[in-house]
Every structure is written in C-alpha cells, then in structure tokens.
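Beneath this line is the structure, given in structure tokens, with notes to follow.
The values are calculated or read from the model by the stated rules, or taken from the named source; none is laboratory data. All figures in this text were calculated on a predicted structure; none of them were measured in a lab. Cβ placement follows ideal geometry from the backbone for every residue including glycine, while neighbour counts extend to all protein chains displayed.
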Amino acid sequence: MHETTSFIAIALMLTGGGCSVVSAVSLLRFDSAAPRIAVSTKLHVFASMLIVAGAVLYAESMAVGLKALCCLCLTLITAPVEAHALLRAWHKQRGHGQSHGAPQPNSGHHEHL
Amino acid sequence: MRLLRYIGAVALAIGLVAAHVTGSVPWHERLYSLMLCASFLALLRLMIGPTSIDRAAALKVISVIIVNFGIILAALTHQSLYVDISIAWAFQAFIGSLVIAKYCEGKRLDA
C-alpha cells in the first residue's frame with residue numbers, strides 16, 4: 001500500500017517539477033510583462049500544488065501534511081494579490097493613455113425606436 | 001558585452017537541463033535538479049528583464065521554487081521543521097513583491 005502511494009507521490013512531485021521548468025521557460029519566451037506575471041501566478045502555483053500533494057502523500061505523518069497544506073493555502077492566497085499589485089504597477093507604467101483605446105459608441109447614431 | 005552575458009546564461013541553463021537527463025539517479029536528486037534548472041532559467045529573466053516588473057515576476061518564481069524545496073525536504077526527512085521555513089519564506093516573498101510593485105507604481109511605501 002505504501003509502495004503504490006509513494007509511487008503516485010513521486011510521480012506527482014516529478015510532474016510538479018516539470019511544470020516549474022515549463023513556467024520558468026515560459027517566463028523567458030513571452031514578450032510582455034503581463035503574460036509573465038500570469039504564468040508566475042497560475043502555472044507556477046499549480047506546480048507548487050502538485051509538489052505539495054506529492055509531499056502530503058509521501059510523508060505519511062499528519063504533522064508534515066497539515067503544515068504543508070497550510071503553506072499551500074498561504075501561497076494560493078498571496079499569489080493573486082501579488083499579481084494584482086504587479087499588474088497595477090505595470091499598467092500605470094505603460095501610461096493611462098493606452099487604456100483608452102476601446103471604441104466608444106457614437107451617441108448621435110441612436111435613433112428613437 | 002550583453003551578448004556574452006546572454007550566451008553565458010543560456011549555456012548555464014542548457015548545462016543544467018542536460019545534467020538531469022543522463023544516468024539513473026534517485027528520484028529526489030532528479031527532482032532537485034529539475035527545480036534548480038527552473039530557478040536558473042528564472043535567474044536568466046532576472047538578469048535580462050527590461051523592467052522591474054519582469055524581475056519581480058522572476059523573483060516570484062524563484063521564491064515559490066524555494067518554498068517547494070522546503071516542502072520536499074520535509075517530505076523526505078519526515079520532519080515538520082522544514083515546512084515552517086517554507087511558510088516564513090512565503091510571507092517574506094509576498095511582502096517583498098508588494099514592496100517592489102508599490103515602488104514601481106510611484107507610491108510612497110508608508111502611505
């Protein structure tokens with residue numbers, strides 16, 4: 001039983017490591033800052049989730065598992081807050097003028113039906 | 001000079017990627033090498049990134065990798081001590097990233 005569980009745990013952890021590498025590579029491949037922030041939030045936290053799941057399955061003691069789940073909850077809560085702050089700063093750095101590119105509806109063309 | 005820096009960093013990253021594919025290593029060493037490779041690739045972005053926001057995103061990646069290192073250590077040695085380190089580092093990385101974002105936005109850090 002422990003053999004099967006530890007095999008699944010090791011597979012999960014290695015997949016998490018692979019997802020970390022993919023997120024680091026995609027940090028290098030994107031052109032703008034916004035996709036990089038998105039990747040570091042979504043994909044990398046997903047990799048962390050896989051690793052924590054593998055660690056909880058591998059270590060059969062409850063102390064390690066519960067604390068690791070607490071750490072995962074903390075990462076899950078703080079990562080989007082960081083992303084919001086970074087994206088807000090990026091948007092301000094780009095200048096407010098670029099955000100008004102959405103077409104406004106012409107108010108003169110509305111006919112009373 | 002910039003080209004030399006890029007070439008050196010890319011060679012380092014490729015060397016790290018190649019290091020964990022060859023041979024039959026125990027699974028935890030393979031996992032360590034994977035995470036180390038990911039952190040060096042993020043280090044590349046830390047060096048290159050034109051703005052500070054890019055460097056902040058790379059720091060996020062490196063910080064979460066460090067947190068995962070602590071959790072893996074805790075699972076391997078069955079000690080719950082290493083998870084405390086991970087939690088502390090997660091807090092610190094969160095605050096550091098917020099500070100960088102606030103500074104780049106132009107706000108005062110205490111207001």
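A few points about this structure:
- When residues of segment B:25-42 are limited to those that are more than 9 Å from chain A (Cβ to nearest Cβ) and hydrophobic (A, V, I, L, M, F, W, C), the one surrounded by the fewest Cβ atoms within 10 Å (Cβ to Cβ): B:V25
- Residue count for segment A:55-81 under the criterion of being more than 7 Å from chain B (Cβ to nearest Cβ) and farther than 30 Å from B:D54 by Cβ: the result is 7.
- Options B:S97, B:S63, B:S33, B:S39: the member that is of a type in the set (S, T, Y), without any contact (Cβ under 8 Å) to a residue 24 or more places away in the chain and assigned to a helix (DSSP H, G or I): B:S33
- Unique match (being at pLDDT 95 or above and out of contact with any Pro (no Cβ under 7 Å at 6 or more places or on another chain)) among A:L43, A:L27: A:L43
- Qualifying positions in segment A:25-57 - hydroxyl-bearing (S, T, Y) and out of contact with any Ser or Thr (no Cβ under 7 Å at 6 or more places or on another chain): A:S26, A:S32, A:T41
- Tally of residues being surrounded by 16 or more Cβ atoms within 10 Å (Cβ to Cβ) and either free of Cβ contacts under 8 Å to residues at least 40 places away in the same chain or closer than 24 Å to B:S33 by Cβ (or both) across segment A:23-45: 13
- For segment B:97-104, the criterion of a residue being facing chain A (nearest Cβ under 8 Å), within 15 Å of the chain's Cα centre (by Cα) and not hydroxyl-bearing (S, T, Y) is satisfied by no position.
- Note on segment B:77-86: among residues that are crowded, with 17+ Cβ neighbours inside 10 Å and in a helix (DSSP H, G or I), the one that is nearest to the chain's Cα centre (by Cα) is B:S86.
Every residue, every condition in (1) of a type in the set (D, E, K, R); (2) in contact with a helix residue (DSSP H, G or I) (Cβ under 7 Å, 6 or more places away or on another chain); (3) not in a helix (DSSP H, G or I), yes or no:
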{"residue": "A:S20", "(1), (2), (3)": "no, yes, no"}
{"residue": "A:S23", "(1), (2), (3)": "no, yes, no"}
{"residue": "A:D31", "(1), (2), (3)": "yes, no, yes"}
{"residue": "A:I37", "(1), (2), (3)": "no, yes, no"}
{"residue": "A:L43", "(1), (2), (3)": "no, yes, no"}
{"residue": "A:A47", "(1), (2), (3)": "no, yes, no"}
{"residue": "A:K67", "(1), (2), (3)": "yes, yes, no"}
{"residue": "A:I77", "(1), (2), (3)": "no, no, no"}
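- Only one of B:V10, B:V64 that is of a type in the set (V, I, T) and at pLDDT 85 or above: B:V64
- Matching option when the condition is closer than 14 Å to A:H44 by Cα, at pLDDT 95 or above and surrounded by 14 or more Cβ atoms within 10 Å (Cβ to Cβ), among A:L86, A:L72: A:L72
- Residue within segment B:44-54 that is touching a residue at least 12 places away in the same chain (Cβ under 8 Å) and under 23 Å from A:C71 (Cβ atoms) present: no
- Within segment A:2-37, the set of residues being more than 7 Å from chain B (Cβ to nearest Cβ) and either among the charged types (D, E, K, R) or on the phi > 0 side of the Ramachandran plot (or both) comprises A:E3, A:R29, A:D31.
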